[in-house]
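**Student:** Let me give you the structure first, and then I'll get to my questions.
The values are calculated or read from the model by the stated rules, or taken from the named source; none is laboratory data. Treat the numbers as computed from the prediction; the structure is a model and nothing was measured. All Cβ positions, glycine included, derive from the backbone under ideal geometry; neighbour counts span all protein chains shown. Remember, those area values only see protein heavy atoms, side chains included, never the ligands or the DNA or RNA. Shrake-Rupley method; radii C 1.70, N 1.55, O 1.52, S 1.80 Å.
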2 protein chains.
Amino acid sequence: MIAIGSQLKPNLKVDLPSIQQTFSVPFQYQVHFTHGLFQIHNPLLADVIDASSSHNPFSSGPKKIMVIIDGGIAKPDQKLLQQITDYASYHSDRITLTQAPVLVPGGEASKNDPALIEQLQRSMDAGKLCRHSYVIAIGGGAVLDMAGYAAATAHRGIRLIRVPTTVLSQNDSGVGVKNSINAFGKKNFLGTFAPPFAVLNDFAFLESLGDRDWRGGTAEAIKVSLLKDADFFERIERDATLLNRRDMVAMQHLIYECARLHMHHIGNSGDPFEMGSSRPLDFGHWAAHRLEFLTDYRIRHGEAVAIGLALDVTYSYLIGLLDKAPWRRILNTLTALGFELYAPELSSHLDDPSHPRSLFKGLQEFREHLGGQLTIMLLQSIGQGLEVHEVDFGHYREAIALLAELYPVN
Amino acid sequence: MIAIGSQLKPNLKVDLPSIQQTFSVPFQYQVHFTHGLFQIHNPLLADVIDASSSHNPFSSGPKKIMVIIDGGIAKPDQKLLQQITDYASYHSDRITLTQAPVLVPGGEASKNDPALIEQLQRSMDAGKLCRHSYVIAIGGGAVLDMAGYAAATAHRGIRLIRVPTTVLSQNDSGVGVKNSINAFGKKNFLGTFAPPFAVLNDFAFLESLGDRDWRGGTAEAIKVSLLKDADFFERIERDATLLNRRDMVAMQHLIYECARLHMHHIGNSGDPFEMGSSRPLDFGHWAAHRLEFLTDYRIRHGEAVAIGLALDVTYSYLIGLLDKAPWRRILNTLTALGFELYAPELSSHLDDPSHPRSLFKGLQEFREHLGGQLTIMLLQSIGQGLEVHEVDFGHYREAIALLAELYPVN
């Protein structure tokens, strides 16, 4: 209640207590693992959708689904489209395709085009999808982000089933609670927090990934293992050569553990929608984001994260926070996975942190993104991070020089 | 876990249990009541923003705020803009205006223009607002919906402080958890569930409302009282003549009780984001929405709700659900408030429920909006609703004829 001044007429005096609103919204979803999701006898998708009927009083008859497919999937040819159509026909007692699957551009391009969002939402409207219908998005992280944003804002949220097709999306972004598109030249400027209805990780999609995408996703697993789980790091360290040779069982384990730890972080942070001080697992990411930009995306996200991790663990070592042995183990594991750990763009304009092409400008951008105070994650031991709010440019210059010496570019 | 067929190579067998994600997101906000929010010595706004600092580790120094003002507010003249600028200067230790307040078109028009959303979000970007900054939206329900959508999707949610300026927004939409804009010719097609950071109800804005807007908002109070609180209905019944004469104390009480009941419904439904079977308080609304459309919005929302309520209580009476005495009390209260209870558009094409101009087509649209099954709220006594899933056109025709006879249009 606010006391008001005597200048008001008596009958305007506001003498009403404030009304407090307090509630909690429960969210739940499952991440399932399969191989050949759209093989006609694989019951997973139909079961996941059907299971929702029991607690949906509006449901009777088959559910409406609209399918969005990443055009960047290797061979998103008629075979996958035909498989999906056949799957829907076979399970027509439980699902109805409102239209043929929609192909969208793959990669970051899909997040830069507002007209694409409008086109997808126009299709959702034309197909009469409602809040009890399903959008199934099949693709890499960018397409899942974009399609997720389109679904989350139509009818204030049509149910989203994610089918991540890359290592990175299966173990990280695809199992989380965010969506986004780019706007005004800013990555992820628009988006919402919107947990998926379900995530269906189909390992068959990994077989057709190029080597760079296969490898790229493992950097996020290294990241999460270093902060959360030393045993998991040791497993990746042991499996590194196998992973580099594309061993599927080793990769399944890596994806599973990374997804599990990532979900545990979201679900147990006490702040899954990052409304307060909760922060995402962004170890190594200030430099990674910056390096993607500085190389005009020649270096992909996972590759940049590997370099960003190498930089921040080397810095941690140089300032005396991290011992030499674990520092070397981490770098060796990254190289065994096949990552380069240095790029020339790291070294330019280091003497002028505010230069538009300086790596260090990434620290300023990171601070602004966080909303004021700089927070950088460092490492004190494998499995144990430490947040700091100040960094020393001198030691970072030294770390960069060390990486340049240890890992010269061919 | 999904068993897979024997056609797969052994090393591709997927033998990983599903990962279950479960968490709850706590939300809280307060609705405050004041008079003269931007009078320089009124501490409310600065206090509300400052109070957030204690649990925000990123905060130091004044908070960034961007102000959006409904151009439809009577006299949104230099005085209000100057007041806001002066207020920010006076409280510059706690708040910083990132730019001059932005005037936007008032009314439904503001929800039909995607370019307006983009313009506002571009300003949020230019002003470097982050997730710990504030958008303050001042206006009627439509502008709050539109500005709320813009704020909710920028940076996945900039904090929103709503300053509702009409009876309808102060007692109903402005205290709730939704935002929206129109798209593809569909009202509220795009939107999110996004609780505000705070709601500041400033009664001073009511003084300049036209009579139709003053009256219009009371229909939602009648609606909520009929479903939730017989004592509240009796108070409105008693105050009806005072309210019609624009008595501010009676109106303050009406707004307060209506806001309180509305918030209680949202917070205690167990499903505030309407993910399952939870439904909004839409008594009288199937016909109201339809009538707004059929009259090309000549009849405003609150006026249409009054007629929609009159129709559904008359139907409830005719089918023997509601006694005659409460039925008459409700109709008499609505007319004492100054509402018309009949419009000629109610009667057209009643013999053809699927005719594009028939009132009954509204039942079909309502069913589709709900996602399959029709659910209509009727009344069995004052304070006690009853949901039904079927209606009888014959009794509805009779109800319309009765309203036409009792409340002929002049």
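**Student:** Place +1 on the Cβ of every Lys and Arg and -1 on the Cβ of every Asp and Glu in the protein assembly as shown, take the dipole about the Cα centre, and give the residue among B:259, A:289, A:356 whose Cα lies farthest towards its positive end.
**Tutor:** Positive-end residue among those listed: A:356.
**Student:** So what is the relative contact order for region B:140-279, in percent, with contacts set as C-alpha pairs under 8 Å and at least six apart?
**Tutor:** With pairs under 8 Å counted, the relative contact order is 24 percent.
**Student:** So, one more: So how strong a dipole does region B:164-317 carry about its Cα centre when Lys and Arg Cβ are +1 and Asp and Glu Cβ are -1, to the nearest 20 debye?
**Tutor:** 320
**Student:** Another question about this same structure. Name the residues whose placed amide hydrogens come within less than 5 Å of the amide hydrogen of residue B:135, ignoring near sequence neighbours (fewer than 5 apart) on the same chain.
**Tutor:** B:66, B:159, B:160, B:161
**Student:** Something else: Which shape class, rounded, prolate or oblate, goes with chain B when its Cα gyration tensor gives a ≥ b ≥ c as root eigenvalues, a/c under 1.5 marks rounded, and past that a/b bigger than b/c marks prolate?
**Tutor:** Oblate.
**Student:** Sorted by accessible area (1.4 Å probe), largest first, how do A:178, B:223, A:324, B:79 line up?
**Tutor:** Highest to lowest solvent-accessible surface, that is B:79, A:324, A:178, B:223.
**Student:** Distance in nm between label sites at residue A:348 and residue B:83, each 7 Å beyond Cα in the beta-carbon direction?
**Tutor:** Distance between the two pseudo-spin positions: 5.3 nm.
**Student:** Kindly provide the helix-only [θ] at 222 nm of chain B, computed as the sum of -39,500 (n - 2.57) over DSSP H runs of four or more divided by all residues, to the nearest 500 deg cm²/dmol?
**Tutor:** Result for chain B, helices only: -13000 deg cm²/dmol.
**Student:** Is region A:186-328 rounded, prolate or oblate when judged by the Cα gyration tensor, a ≥ b ≥ c being the square roots of its eigenvalues, rounded requiring a/c under 1.5 and prolate requiring a/b larger than b/c?
**Tutor:** rounded
**Student:** Moving on to the next point. Probe radius 1.4 Å, ligands and nucleic acids left out: can you give me the accessible area buried at the A-B interface, summed over both chains, in Å² to the nearest hundred?
**Tutor:** Roughly 8100 Å² of accessible surface disappears when A and B pair.
**Student:** Highest first, please rank the peptides B:310-320, B:107-117, A:307-317 by the mean number of other Cβ atoms sitting within 10 Å of their residues.
**Tutor:** Peptide ranking by packing, descending: A:307-317, B:310-320, B:107-117.
**Student:** Hey, another quick one. Calculate what fraction, in whole %, of the accessible area of the protein assembly as shown sits on carbon and sulfur atoms when a 1.4 Å probe is rolled over the protein chains.
**Tutor:** 51
**Student:** Separate question: Per residue of region A:281-290, in order, report the coupling 6.51 cos²θ - 1.76 cosθ + 1.60 (Karplus, θ = phi - 60°) as ³J(HN,Hα) in whole Hz, putting x for Gly and Pro.
**Tutor:** 7, 10, 4, x, 8, 4, 6, 4, 4, 5
**Student:** Given label points at 7 Å from Cα along Cα→Cβ, what nm distances, shortest first, separate residue B:24 from the same residue in every other copy?
**Tutor:** Shortest to longest, the spacings are 0.3 nm.
**Student:** Tell me the relative contact order for region A:255-410 as a rounded percent, counting alpha carbon contacts under 8 Å between residues six or more apart.
**Tutor:** Reported as a whole number, the value is 22 percent.
**Student:** I would also like to ask the following. Considering every residue in B:141-154, what mean count of other chain Cβ atoms within 10 Å of its Cβ is obtained?
**Tutor:** Mean partner shielding for this stretch: 2.
**Student:** Still on this structure, I have one more. Place a +1 charge on the Cβ of each Lys and Arg in chain A and a -1 charge on the Cβ of each Asp and Glu, then give the dipole magnitude about the Cα centre in debye, rounded to the nearest 20.
**Tutor:** That gives chain A a dipole magnitude of about 1060 debye.
**Student:** Still on this structure: Kindly state, to the nearest 0.05, the FRET efficiency for residue B:187 paired with residue A:264, given R0 = 45 Å and r defined as their beta-carbon distance.
**Tutor:** In this case the efficiency is close to 0.65.
**Student:** Indicate the gyration tensor shape class of region B:157-214 (rounded, prolate or oblate), computed on the Cα atoms with a ≥ b ≥ c the square roots of the eigenvalues: a/c under 1.5 is rounded; otherwise a/b larger than b/c is prolate and the rest oblate.
**Tutor:** Taking the square roots of the gyration eigenvalues as a ≥ b ≥ c, region B:157-214 is oblate.
**Student:** Follow-up. Give me Rg over Rh for the protein assembly as shown, both radii from the alpha carbons and Rh done the Kirkwood way, two decimal places.
**Tutor:** 1.01
**Student:** Right, something else. Rounded to whole Å, give me the distance from the Cα center of region A:360-409 to that of region A:228-268.
**Tutor:** 24
**Student:** While we're looking at this one, here's another question. First select every other residue whose beta carbon is under 11 angstrom from the beta carbon of residue B:91; then total the charges, Lys and Arg +1, Asp and Glu -1.
**Tutor:** Here the count lands on -2.
**Student:** With just the Cα atoms defining each centre, how far is region B:300-346 from region A:86-142? Give it in Å.
**Tutor:** 43
**Student:** OK, next. With charges set only on the Cβ (+1 for Lys and Arg, -1 for Asp and Glu), what does the dipole of region B:305-407 come to about its Cα centre, in debye to the nearest 20?
**Tutor:** 260
**Student:** Continuing with this model, one more query. Summarise the partner chain shielding of B:188-200 as one whole number: the mean count of Cβ atoms from other chains within 10 Å of each residue's Cβ.
**Tutor:** 4
**Student:** Oh, and also: Label points 7 Å out from Cα along the Cβ direction at residue A:271 and residue A:410: separation in nm?
**Tutor:** My value for the distance between the label points is 4.5 nm.
**Student:** Give the value in nm², to one decimal: projected area of the alpha carbon convex hull of region B:78-205, averaged over all directions.
**Tutor:** Hull-based average projected area comes out at 7.6 nm².
**Student:** Please compute the contact order of chain B in relative form: average sequence separation of alpha-carbon pairs under 8 Å and at least six residues apart, divided by the residue count, as a percent.
**Tutor:** Once normalised by length, the contact order is 12 percent.
**Student:** Ranking request for peptides A:325-332, A:402-409: highest mean number of other beta-carbon atoms within 10 Å first, then the rest in descending order.
**Tutor:** A:325-332, A:402-409
**Student:** Can you tell me which of B:128-141, B:227-240, A:283-296 comes out highest on packing, and rank the rest after it, using the mean Cβ neighbours within 10 Å?
**Tutor:** B:128-141, A:283-296, B:227-240
**Student:** Same structure, new question: Assuming R0 = 41 Å, what is the FRET efficiency of residue A:242 and residue A:397, from their Cβ-Cβ distance, to the nearest 0.05?
**Tutor:** 0.70
**Student:** Something else now. Once you average over the residues of B:35-45, how many Cβ atoms of partner chains fall within 10 Å of each Cβ?
**Tutor:** 3
**Student:** For the protein assembly as shown, what does the accessible surface come to per residue with a 1.4 Å probe? Please give it in Å².
**Tutor:** So the protein assembly as shown comes to 38 Å² accessible per residue, rounded to a whole number.
**Student:** While we're looking at this one, here's another question. Excluding residues fewer than 8 places away in the same chain, name every one of the aspartates and glutamates whose C-alpha is closer than 17 Å to that of residue A:111.
**Tutor:** The qualifying aspartates and glutamates are A:70, A:145, A:292, A:296, B:118.
**Student:** Still on this structure: Roughly what would the spin-label model give for residue A:298 and residue A:387, points 7 Å off Cα along C-beta, in nm?
**Tutor:** 3.6
**Student:** Can you give me the long-range amide H partners of residue B:379? Hydrogens built in the peptide plane at 1.01 Å from N, cutoff under 5 Å, separation of 5 or more residues or another chain.
**Tutor:** It is B:316, B:386, by chain and number.
**Student:** Follow-up. Can you tally the net charge around residue B:231? Count Lys and Arg as +1, Asp and Glu as -1, for every other residue whose Cβ sits under 13 Å from the Cβ of residue B:231.
**Tutor:** -1
**Student:** In this model, which of A:228/A:324; A:178/A:223; B:223/B:324; A:228/A:361 are farther than 22 Å apart at the alpha-carbon?
**Tutor:** A:228/A:361
**Student:** Can you find, among B:112, B:48, A:240, the residue sitting farthest towards the positive end of the charge dipole of the protein assembly as shown, where Lys and Arg contribute +1 and Asp and Glu -1 at Cβ?
**Tutor:** Towards the positive end, the residue furthest out is B:112.
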